[in-house]
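> Quick one: the structure is below, and I'll ask about it shortly.
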C-alpha cells in the first residue's frame, strides 16, 4: 500500500486512511458515488481519479479475490457474505474451561474445510496432503487433551494434525505469523487460553495475522475466551445446546450429531447472525437445528477431547 496515496476530488483531499476500517471504506465509497450522481460534476482527470480510487478500494479490501466456503445453510451463508472466507483469520470464543464446545466446533469446521479443499482445485497440494497445525492450550487453560480416536469420530483425520506444544499463550501468538507463512498448510489453530491484553494488542495481532494468512493462503482459527473482535475476518461465540451442556463420555464410541448455539458477532462484508447448528461427522455436513432436537448419541462438548 502506498505511503502517500492521495486522490483529489473537487478540491478535497482523500489521504490514505486505515483501510482496515470498514466504516471508513463504506463512507468513502458512498461519498465517491455521491460525487458521480448525474455524471456532470466530474470530468476529465477527475473521472479517472474516481475510477482509480475505486480500483484501489477493491484491491485493498480484496473482496473479489476471496474464496469462500459455504456452510450449506442459507441464513448463515448470507450473513457471511457467501460463506467462510478462506485464507483469513477467524475468532472462535466461548467458555473454554467449562465445556469443549469451541474446540468441537473448530474441529467440525476443519473437517469441512479439508473436504472442501480436497474437492476444490483452489486447495491445491494443501487440500490433498497439507497438515493442520494446532497449538493447544496449556493444561491450566483447557478442558482436556486432543484425542486421536475422538478426532476421527468427529470427522477429522488425526494423521493430518500436527500438534505444536507451547505452554505460554504469548509464545503461541508470537509464532502465529511465521506458521501462517509456511507453505502447503491446510489450516492453523491457536488457542490463546485466557490471555488478557488490550484492545490495541488484539487489533495489531489480527492485522499482522491477516497479512500472513493472505501471504501463505492459509485459514487460521483463534480459540479462547472473548476478546475484542476488531481486525478479525469473522468473530463467533460458541456454546453447547442448552439441553446438553454436560459432556457425554460415551461420545467417543457413538458420535452421531453434535449441536451448538452459534452467534456470529462480526463478519467482514456480512452481518451478525445467531443460529443452532448440528454436525454430522460421517457426511461432514452442518445442518440447521432450529428446534434443538438432537439425535441419539449426540454430544455438545468437545468432540475429540479426552476429558
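The values are calculated or read from the model by the stated rules, or taken from the named source; none is laboratory data. Given the structure is predicted, the values throughout are model-derived calculations rather than measurements. As a convention, Cβ positions derive from the backbone with ideal geometry for all residues, glycine included, and neighbour counts pool all protein chains shown.
> Between residues in region 171-182 that are in a loop (DSSP other than H, G, I, E, B) and residues that are surrounded by fewer than 16 Cβ atoms within 10 Å (Cβ to Cβ), which pairs lie under 8 Å by C-beta distance while being six or more apart or on different chains?
Going by the 8 Å Cβ cut-off, the qualifying pairs are 181/215.
> Also: Only one of these is within 25 Å of residue 134 (Cβ to Cβ) and either at pLDDT below 90 or part of a loop (DSSP other than H, G, I, E, B) (or both): 195, 211, 277. Name it. Before the answer, list the steps.
Details: 211 fails: either at pLDDT below 90 or part of a loop (DSSP other than H, G, I, E, B) (or both); 277 fails: either at pLDDT below 90 or part of a loop (DSSP other than H, G, I, E, B) (or both).
Answer to the check: 195.
> Only helices (runs of 4 or more DSSP H) wholly contained in region 68-135 count here; list those with 2 or more residues that are closer than 14 Å to residue 221 by Cβ and at pLDDT below 95. Walk me through how you get there before you give the answer.
Values: elements: 74-79, 101-119, 124-129.
The qualifying helices (runs of 4 or more DSSP H) are 101-119.
Quick grid of which residues meet (1) touching a helix residue (DSSP H, G or I) at 6+ places or on another chain (Cβ under 8 Å); (2) under 29 Å from residue 98 (Cβ atoms):
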residue	(1), (2)
201	no, yes
205	yes, yes
210	no, no
213	yes, no
218	yes, no
221	yes, yes
232	yes, yes
237	no, yes
240	yes, yes
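> So, one more: Restricting to region 152-178, give me the number of residues that are closer than 10 Å to residue 209 by Cα and in contact with a strand residue (DSSP E or B) (Cβ under 7 Å, 6 or more places away or on another chain).
2
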